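Down below is the structure, laid out as structure tokens.
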Amino acid sequence: MNTLPEKDFTNPRAQHGFVGRTCSIVSVGSYVPEKIVTNADLERLVDTSDEWITSRTGIRERRVAAADEFTSDLGAKAASRALEKVGISGEQVQLIIVATITPDMTFPSTAALIQQKIGAVNAAAFDIEAACSGFIYALEIGQQFIMSRTYETVLVIGAEKLSSIINWKDRNTCVLFGDGAGAAVLQYRPGSHGLLTACMGADGSKADLLNMPGGGSRCPATVDSVNAGLHFLRMEGKETFKNAINAMNAAAHEALARCNLDIAQIKCVIPHQANRRIIDAVGERLGVRQDQVFVNLDRYGNTSAASVAIALDEAVDQGIIQRGDLVLLLVFGAGLTWGAAVIEW
Ligand code: ACO
């Protein structure tokens, strides 16, 4: 029986046979490495300027992990913080899903490495790869396990050490990215609608816009592939930029429509933190007020799958998001992939 309180929005899952078992984010946590790399630092590496980076992207500094600090370390720290906040032990976690494009190794999964680091001895663990959209994809996957009553506690993590795949001699990309991790603990919380909907999409015909050609089965590592720089992230910035605005805008409209919501009812919009101009353009098309949008890319740059997870944690920490508020997450990344999720916090 559906015992949820009536709200001024529609729960789309209820329309599809939902019977009262919802999935909520009961805690969030994040971690960024200590080392700060400022735009001034990058001026010494490539032909760029603080003025160019700030005006074209909004980014002022980013975090870079230490040589002996890996994606699993960042993810484990974010996860531990999320678990501690809500008093859940590692042993209670039943599933770990990690979204990343910078796994410690191609295999085993970074999720398995995190499982060991946080003592989640009872958890199954796997990675998913949807680039910067990974956190929403992982949330939606995790939600399925809670709603189906397969698991009581699922840990979803977005973690990246992008500094490991950045060509620090390429000014087109090296100024944009940073390292970090964010985590969310998913459980059923009685009386809460939780994750209302997630619209996800992909367009593989545009895979060439943003990729890392080397290291996979198509182009295994050789001396030639390394010398040709094929193990670095590559991006056609302008086309990616246009696609990001269109895809996030369309996904947001679809997610809001599914819930019968007007953008004005959303307390906080958390967009993928790639570029301030993308965020502003999407915000303008959606008709959001400046004070509805959470932005922290000035301090972290684009942390890919970790981006919205870190931002969500900071928005909650700062008291911007309170229980019962409606939150809209928007993501976009390589694939291409994109997504929008509406959450009753
Ligand atoms: N410093 C100085 N000049 C630069 C720099 C730099 N760091 N980078 C590029 N330029 C130059 C270019 O060489 C170009 O010079 P030219 O005209 O002489 O050729 C000029 O600046 C303009 O370059 P554009 O690429 O046209 O600049 P644009 O305004 O498009 O901004 C940017 C580039 C910031 C990359 C933008 O296109 C962007 O943000 N794209 C989207 C990125 C994104 O959203 N990624 C999301 C997914 S990431 C993931 O999934 C991992």
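Got a sec? Which of Arg13, Arg62, Arg81 is under 18 Å from Arg189 (Cα atoms) and either among the basic types (Lys, Arg) or modelled with pLDDT under 95 (or both)? If you could, list the steps in order and put the result at the bottom.
On the way: Arg62 fails: under 18 Å from Arg189 (Cα atoms); Arg81 fails: under 18 Å from Arg189 (Cα atoms).
Testing whether each residue is under 18 Å from Arg189 (Cα atoms) and either among the basic types (Lys, Arg) or modelled with pLDDT under 95 (or both) leaves just Arg13.
Taking the range 223-250 as the range and being among the hydroxyl-bearing types (Ser, Thr, Tyr) and assigned by TED's automatic domain parsing to the domain that holds Trp338 as the test, only Thr240 passes.
Of all residues in the range 177-191, those that are more than 30 Å from Thr38 (Cα to Cα) and in a loop (DSSP other than H, G, I, E, B) total 4.
Quickly run through the range 287-312 and pick out the residues that are of a type in the set (D, E, K, R) and touching a Lys or Arg at 6+ places or on another chain (Cβ under 9 Å). If the condition is that a residue be of a type in the set (D, E, K, R) and touching a Lys or Arg at 6+ places or on another chain (Cβ under 9 Å), then Asp298, Arg299 are the ones that fit.
Yes or no: the range 30-42 includes at least one residue that is assigned to a strand (DSSP E or B), touching a residue at least 24 places away in the same chain (Cβ under 8 Å) and under 19 Å from Val308 (Cα atoms).
Here is the first cut: in the range 30-42, the residues assigned to a strand (DSSP E or B) are 30-31, 36-38.
Within this subset, residues satisfying the condition of being touching a residue at least 24 places away in the same chain (Cβ under 8 Å) are 30-31, 36-37.
From what's left, under 19 Å from Val308 (Cα atoms): 30-31.
Yes, some residue in the range 30-42 is assigned to a strand (DSSP E or B), touching a residue at least 24 places away in the same chain (Cβ under 8 Å) and under 19 Å from Val308 (Cα atoms).
Would you pick out the residues in the range 216-273 that are polar (S, T, N, Q), surrounded by fewer than 17 Cβ atoms within 10 Å (Cβ to Cβ) and near the ligand (Cβ under 10 Å from one of its atoms)?
The first filter runs over the range 216-273 and keeps only residues polar (S, T, N, Q), leaving 217, 222, 225, 227, 240, 243, 246, 249, 260, 265, 273.
Filter once more, keeping what is surrounded by fewer than 17 Cβ atoms within 10 Å (Cβ to Cβ): 217, 222, 225, 227, 246, 260, 265.
Residues satisfying the conditions do not exist here.
For Ser49, which of the numbered conditions (1) at pLDDT 95 or above; (2) more than 23 Å from Ser164 (Cα to Cα) fails to hold? Only one criterion is unmet by Ser49, namely (2).
All of (1) out of contact with any Ser or Thr (no Cβ under 7 Å at 6 or more places or on another chain); (2) assigned to a helix (DSSP H, G or I); (3) within 16 Å of the ligand (Cβ to nearest atom) hold for Val295 with one exception: (2).
Given Ala138, Ala202, Ala184, which one is surrounded by fewer than 21 Cβ atoms within 10 Å (Cβ to Cβ) and either hydrophobic (A, V, I, L, M, F, W, C) or over 26 Å from Gly58 (Cβ atoms) (or both)? Reasoning before the result, please.
Working: Ala138 fails: surrounded by fewer than 21 Cβ atoms within 10 Å (Cβ to Cβ); Ala184 fails: surrounded by fewer than 21 Cβ atoms within 10 Å (Cβ to Cβ).
Among Ala138, Ala202, Ala184, only Ala202 is surrounded by fewer than 21 Cβ atoms within 10 Å (Cβ to Cβ) and either hydrophobic (A, V, I, L, M, F, W, C) or over 26 Å from Gly58 (Cβ atoms) (or both).
Out of Ser217, Ser192, one residue alone is more than 27 Å from Ala78 (Cα to Cα) and of a type in the set (S, T, N, Q). It is Ser217. Examine the range 152-168 for a residue that is more than 16 Å from the ligand (Cβ to nearest atom), more than 23 Å from Arg277 (Cα to Cα), surrounded by fewer than 18 Cβ atoms within 10 Å (Cβ to Cβ) and in contact (Cβ under 8 Å) with a residue 24 or more places away in the chain, and state whether such a residue exists. Yes, the range 152-168 contains a residue that is more than 16 Å from the ligand (Cβ to nearest atom), more than 23 Å from Arg277 (Cα to Cα), surrounded by fewer than 18 Cβ atoms within 10 Å (Cβ to Cβ) and in contact (Cβ under 8 Å) with a residue 24 or more places away in the chain. Criterion applied to Ile310, Ile270, Ile278 was being in contact with a Ser or Thr (Cβ under 7 Å, 6 or more places away or on another chain), outside any loop (DSSP other than H, G, I, E, B) and either of a type outside the set (S, T, N, Q) or in the same structural domain as Ala244 (by TED's automatic domain parsing) (or both), and the one residue passing it is Ile310.
Yes/no per residue for (1) away from the ligand (no atom under 13 Å from the Cβ); (2) in contact with a strand residue (DSSP E or B) (Cβ under 7 Å, 6 or more places away or on another chain); (3) in the same structural domain as Gly301 (by TED's automatic domain parsing); (4) not basic (Lys, Arg):
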{"residue": "Lys35", "(1), (2), (3), (4)": "yes, yes, no, no"}
{"residue": "Asp50", "(1), (2), (3), (4)": "no, no, no, yes"}
{"residue": "Ile53", "(1), (2), (3), (4)": "no, no, no, yes"}
{"residue": "Gly58", "(1), (2), (3), (4)": "no, no, no, yes"}
{"residue": "Glu69", "(1), (2), (3), (4)": "yes, no, no, yes"}
{"residue": "Asp73", "(1), (2), (3), (4)": "yes, no, no, yes"}
{"residue": "Glu84", "(1), (2), (3), (4)": "yes, no, no, yes"}
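Looking across the range 313-339 at every residue that is assigned to a strand (DSSP E or B) and within 20 Å of Thr110 (Cβ to Cβ), the one that is nearest to the ligand (Cβ to nearest atom) is identified as Gly333. For the range 98-151, taking the residues that are more than 16 Å from the ligand (Cβ to nearest atom) and of a type in the set (Asp, Glu), the one that is nearest to Ala184 (Cα to Cα) is identified as Glu140. For the range 192-234, the candidate set comprises residues that are in a loop (DSSP other than H, G, I, E, B) and among the small types (Gly, Ala, Ser); within that set, the residue that is farthest from Thr10 (Cα to Cα) is Ala228. Just to verify a result, which residue in the range 188-206, among those that are touching a residue at least 40 places away in the same chain (Cβ under 8 Å) and over 19 Å from the mean Cα position of the chain (by Cα), is farthest from Gly142 (Cα to Cα)? Among those that are touching a residue at least 40 places away in the same chain (Cβ under 8 Å) and over 19 Å from the mean Cα position of the chain (by Cα), it is Lys206.
So, in the range 48-62, exactly how many residues are in a loop (DSSP other than H, G, I, E, B), touching a residue at least 12 places away in the same chain (Cβ under 8 Å) and not basic (Lys, Arg)? Spell out how you get there, then give the answer.
Keep residues of the range 48-62 that are in a loop (DSSP other than H, G, I, E, B), which gives 48-49, 58-60.
Filter once more, so that each one left must be touching a residue at least 12 places away in the same chain (Cβ under 8 Å): 48, 58-60.
So of that shortlist, the ones also not basic (Lys, Arg) come out as 48, 58-59.
Result for the range 48-62: 3.
The values are calculated or read from the model by the stated rules, or taken from the named source; none is laboratory data. All values derive from a computational prediction rather than experimental measurement. Heads up, the Cβs are rebuilt from the backbone with ideal geometry, glycines too, and the neighbour counts pull from every protein chain shown.
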